[in-house]
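The values are calculated or read from the model by the stated rules, or taken from the named source; none is laboratory data. Just so it is clear, the model here is predicted, and its values are computed rather than measured. Here the Cβ positions follow ideal geometry from the backbone for every residue, glycine too, while neighbour counts run over all protein chains shown. Surface areas here come from the heavy atoms of the whole protein model, side chains and all, with no ligands, DNA or RNA. Shrake-Rupley method; radii C 1.70, N 1.55, O 1.52, S 1.80 Å.
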Amino acid sequence: MAFSKVLIANRGEIAVRVIRTAKALGYRTVAVFSDADAKALHVQLADEAVHIGPARVADSYLRIDAIIDACKKSGADAVHPGYGFLSENEEFAEACADHGITFIGPTPKAIELMGSKRLAKIRMIEAGVPCVPGYEGADQADATFVKEAQRIGFPVMVKASAGGGGRGMRLVQAAADLPAALATARSEAQNAFGSGELILEKAVIAPRHVEIQVFGDTHGNCVYLGERDCSIQRRHQKVIEEAPCPVMTPELRRRMGEAAVAAAKSVDYVGAGTVEFLLDAEGHFYFLEMNTRLQVEHPVTELVTGQDLVEWQLRVANGEALPLAQDEITLTGAAIEVRLYAEDPGHHFLPQTGAVLRWHPAKLPGVRIDHGMTGGGEISPHYDPMVAKVIAYGRTRTDAARLLARALDDTVLLGVNSNKQFLVNMLRHPVFIAGDTSTAFIDRHFTDDASLKPAVADAESLAIAAALILQRRHAGSFHTGLAGATPVKLQVGEQQLTLAVQSRGTVLEVSHGGACTLITVLSADEHALHYELDGVRRRCACAWSGSTLYLDRANGNLALTDITHAPAVSADAEGDGLLRAPMDGAIVTLLVKEGDAVLKGQTLAVMEAMKIEHQLKANRDGRVASVSVSEKQQVKKRQQILLVQD
Ligand code: MV4
């Protein structure tokens with residue numbers, strides 16, 4: 001149905017991405033926003049914007065009635081759902097249709113069918129799409145699962161039919177472990193998805209995750225646009241995505257592409273979809289599930305095909321035929337995408353929230369950065385902490401990897417920590433460069449990486465910090481005005497250090513622990529220091545917040561607080577015993593109760609925030625004097641969880 005005004009029922013980088021193409025095709029655009037997003041980039045870029053509620057997604061971006069109401073108010077006659085939120089919600093697609101609004105996506109029937117792994121697998125088997133041998137029956141009795149697992153052969157995967165992202169999934173090695181796995185998977189699935197329905201599959205060991213981009217139109221055409229390899233994941237979160245798959249052959253691509261098209265055609269698929277497959281070491285592939293939306297990682301397909309997939313979505317929704325036939329779709333070069341997250345790899349990938357002091361995406365030919373950040377951005381605890389997708393395109397995979405690592409080097413994100421160095425180190429890892437990237441890559445090759453430890457302040461970083469601190473103290477002059485050295489006391493993570501800084505004009509002598517570093521300051525401002533050290537001139541991006549200095553260093557971000565004039569605290573003092581929530585989230589498990597004896601460093605509670613579990617540890621020895629929360633309870637950042645006393 002012809003439409004003229006598109007409402008984007010999403011936020012962040014994907015809302016920005018969709019608005020860009022919709023505008024380029026001449027459509028009017030409408031953003032929606034929560035209380036937390038009033039100043040967000042997607043709101044600024046859209047022609048109009050409608051407030052839809054409080055920051056919590058359940059009260060705003062997930063509210064079908066609020067989105068439909070925003071369409072009515074603004075006169076939007078089409079909705080692009082982006083990914084996540086309402087993008088795979090058949091009730092939302094149905095509600096749009098009921099109100100005469102074009103839903104830019106497949107039919108509610110296709111969304112619903114693919115939302116059930118059990119029903120989707122039955123349909124795929126009928127359509128001749130290769131599936132992992134398994135059990136997808138309606139009979140959910142334990143005895144049936146045990147019998148079926150014996151037929152399939154161990155190890156087996158127990159999966160939630162309504163699941164995704166590894167939730168409600170269990171790997172079971174032997175029959176004896178099956179009943180317990182069924183019980184936990186069932187309850188996890190019931191809690192997460194409102195359905196405890198399970199399926200069984202033969203477990204494929206260390207597979208690749210290879211997905212095929214498909215597109216259907218309302219005239220019965222359906223094509224595939226090559227594959228993406230998304231094997232490198234961490235706890236079911238994709239980390240690196242690329243096209244083409246490093247081990248793909250034209251023949252395998254054709255077979256997987258045709259299987260994906262058969263899958264899509266079996267549900268009269270319309271619009272952009274992704275058919276996920278596991279690819280084993282022998283080159284056998286198996287249908288996993290179909291995602292009925294535009295995916296986060298669609299840019300790598302856009303770069304190797306030269307097509308704008310959002311443009312295709314808008315054309316298809318407008319009733320046009322697909323822009324290209326199968327034999328007109330070509331793949332050229334290689335593209336790699338990484339997801340830049342505000343999280344701390346040095347502390348179990350703890351999500352980072354708060355003010356972004358500096359955001360400077362790299363500008364390089366062949367590099368695309370999709371993000372939704374404005375200058376004075378904020379990472380909200382209410383949303384996914386993905387800051388940007390950084391994508392590089394090259395003639396070869398090696399070129400793309402090299403360029404992408406460089407683009408990350410050039411990208412500055414300060415104020416919150418990020419996984420930038422983790423990504424760079426992975427892109428430069430010999431096993432990655434060799435293309436040997438199964439789903440086991442991180443566990444096999446990346447558990448000892450330096451980026452997984454708290455960043456250390458090397459001599460050069462300390463010299464940079466000293467220069468910036470003195471520059472700030474003396475408003476541009478590096479003369480300490482005294483004959484002796486100036487002390488600079490720093491807090492870096494858990495560590496406190498004292499530097500002695502002697503200045504001679506623009507040259508600073510920075511002494512720490514018996515070593516002395518000479519640094520020449522070439523220029524300095526709020527955003528960067530230009531300096532010379534050991535005969536080499538370099539730059540270091542920086543940002544200040546109060547007395548804390550953030551540095552973007554080649555070995556990761558550093559936060560150094562100038563505590564020279566702060567009241568002294570004994571370095572190894574016992575903690576106060578007060579356990580507080582490090583961020584907004586929910587208590588998953590309380591591991592202790594009142595009266596329990598605990599040791600410093602012991603895990604006392606597990607909380608979940610932004611889809612990730614965090615262990616909360618005692619900061620002193622003692623006994624649990626009081627517990628202020630209960631399991632499953634929502635907690636606010638800094639809320640007291642429990643107290644440890646003598
Ligand atoms: C599997 C599997 C092995 N065998 N199914 C994980 C998320 C969900 N989309 C499917 N997943 C898997 N399903 C069978 N029969 C291994 C995984 C898997 C995985 C898949 C893709 C990327 C990373 C992964 C990490 C662990 C497990």
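For the stretch 169-191, what are the residues that are of a type in the set (Val, Ile, Thr) and more than 14 Å from the ligand (Cβ to nearest atom)? Outline the logic, then answer.
So in the stretch 169-191, the residues of a type in the set (Val, Ile, Thr) come out as 172, 184.
Within the stretch 169-191, Thr184 is the sole residue that qualifies.
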**Message:** I need the full set of residues from the stretch 75-88 which are on the phi < 0 side of the Ramachandran plot and either of a type in the set (D, E, K, R) or surrounded by fewer than 21 Cβ atoms within 10 Å (Cβ to Cβ) (or both), in order please.
**Reply:** Asp77, Tyr83, Glu88
**Message:** Condition (residue is out of contact with any Lys or Arg (no Cβ under 8 Å at 6 or more places or on another chain), assigned to a strand (DSSP E or B) and without any contact (Cβ under 8 Å) to a residue 60 or more places away in the chain) applied to the stretch 486-496: is it met by at least one residue?
**Reply:** yes
**Prompt:** Any idea which of Pro365, Pro381 is touching a strand residue (DSSP E or B) at 6+ places or on another chain (Cβ under 8 Å), more than 27 Å from Val247 (Cβ to Cβ) and either open to solvent by 50 Å² or more (accessible area, probe 1.4 Å) or part of a loop (DSSP other than H, G, I, E, B) (or both)?
**Reply:** Pro381
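Check Gly220, Gly194, Gly166 and return the single one that is away from the ligand (no atom under 16 Å from the Cβ) and modelled with pLDDT under 95.
Going through Gly220, Gly194, Gly166 in turn, just one is away from the ligand (no atom under 16 Å from the Cβ) and modelled with pLDDT under 95: Gly194.
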**Fill in**
The residue from Thr21, Thr29 that alone is crowded, with 24+ Cβ neighbours inside 10 Å, over 22 Å from the mean Cα position of the chain (by Cα), among the β-branched types (Val, Ile, Thr) and not in a loop (DSSP other than H, G, I, E, B) is Thr29
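So which of Thr447, Thr517, Thr437 is open to solvent by 60 Å² or more (accessible area, probe 1.4 Å) and of a type in the set (Val, Ile, Thr)?
Details: Thr517 fails: open to solvent by 60 Å² or more (accessible area, probe 1.4 Å); Thr437 fails: open to solvent by 60 Å² or more (accessible area, probe 1.4 Å).
The match here is Thr447.
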**Request:** Take the residues in the stretch 440-468 that are touching a Phe, Trp or Tyr at 6+ places or on another chain (Cβ under 9 Å) and part of a loop (DSSP other than H, G, I, E, B), then tell me which one is nearest to Cys230 (Cα to Cα).
**Result:** Phe446
**Checklist (1) crowded, with 19+ Cβ neighbours inside 10 Å; (2) more than 14 Å from Ile464 (Cα to Cα); (3) in contact (Cβ under 8 Å) with a residue 60 or more places away in the chain applied to Leu558, failing item** = (2)
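Quick check on Pro207: is it away from the ligand (no atom under 14 Å from the Cβ) and touching a Leu at 6+ places or on another chain (Cβ under 9 Å)? Spell out how you get there, then give the answer.
On the way: away from the ligand (no atom under 14 Å from the Cβ): no; touching a Leu at 6+ places or on another chain (Cβ under 9 Å): yes.
It is false that Pro207 is away from the ligand (no atom under 14 Å from the Cβ) and touching a Leu at 6+ places or on another chain (Cβ under 9 Å).
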**Fill in**
A careful count of residues in the stretch 129-163 that are assigned to a loop (DSSP other than H, G, I, E, B) and either under 19 Å from Glu211 (Cβ atoms) or within 16 Å of the ligand (Cβ to nearest atom) (or both) gives 11
